[in-house]
Amino acid sequence: MTTPNLHTQPSGDELTDNPVSWRVLIIDDEPDNLRLIADLLGFSGVKTHIAADGMSGLAVVDSDTAHTFKPNLILLDIQMPRMDGWDVHRQLRSRPALDAVPIIALTALAMRADAERVAAEGFDGYITKPFRIKNLLSEMTACVQNFMSNSPKSILATMPIPPTMPPPTLMYEPIISNAAQTKPLRPITHDKTE
C-alpha cells in the first residue's frame with residue numbers, strides 16, 4: 001500500500017491543492033491586507049496579483065493583464081467602496097472563462113447570517129477577517145479541496161461558529177454617601193470582554 005501524496009502535483013494551468021499551482025487574484029480595498037496576503041502567499045510559492053477594489057479586480061480578468069496573469073483562485077473582500085464584493089462576485093460568475101475558478105470570500109462579516117448569505121450567493125469558500133496568519137494558507141487549501149471534490153458539503157459545515165457573548169458578571173461598586181456612614185455596595189454589571 002502506498003502512502004497518498006498530500007498535494008497533487010501542479011501541471012500547467014490547472015488548480016490543485018498544492019499552493020505552488022495557485023495564481024491568486026486578491027481583491028481588497030485595504031492596502032495593508034493586500035500586501036500582507038500577497039506576501040504570505042508569496043512565501044509559499046503562490047503567484048499573486050492584487051486589485052485595490054472591485055472595479056480594478058474585474059479589470060484584471062477582462063484586460064490584457066489576463067493574458068499574463070490568469071487567476072485560478074480569487075480572494076474577494078465583501079465590504080468595498082465603488083462596487084461591493086457581492087456585485088463583484090456576480091460579475092465574475094457571469095464570465096464563462098471563470099466558471100472553474102473558485103472564489104473565496106475574505107471578509108470581516110463574521111456572523112452566522114453572513115456566512116449563510118455567502119453560501120447562498122455561491123461563493124466557494126469563506127474566511128473571516130481578521131484572519132490568523134498561520135491559518136490562512138490551510139484555510140484556503142481546505143476551500144480549494146472542497147471545490148475540487150465537487151462536494152455538496154456546504155461551506156457552512158467548515159465555518160467556525162462565532163462565539164456567543166458571555167453572560168454579564170455581577171460586580172459591586174461602593175456607594176459613598178458621607179464619611180460617617182458605612183459604605184454599602186450596589187450591584188453593577190460589566191461585560192467580561194471589556
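Quick note: the coordinates plus some simple rules give every number you see, no bench work behind them. Everything quoted here is computed from the prediction, not taken from an experiment. FYI the Cβ positions are ideal-geometry reconstructions off the backbone, even for glycines, and counts take in every protein chain you see.
Just order 83-90, 100-107, 129-136 by mean Cβ neighbour count inside 10 Å, highest at the front, would you? Please report the intermediate quantities before stating the final value.
Numbers: 83-90: 18.6, 100-107: 21.5, 129-136: 12.2.
In descending order of packing, they fall as 100-107, 83-90, 129-136.
Once you order the gyration tensor axes a ≥ b ≥ c over the Cα atoms, which shape class does region 39-155 get: rounded for a/c under 1.5, otherwise prolate or oblate by comparing a/b with b/c?
Rounded is the answer for region 39-155, as its axis ratio a/c remains below 1.5.
How would you classify region 14-77 from its alpha-carbon gyration tensor, with a ≥ b ≥ c the square roots of the eigenvalues: rounded for a/c under 1.5, else prolate if a/b is greater than b/c, otherwise oblate? Oblate shape, in that a/c is at least 1.5 and b/c is the bigger or equal ratio.
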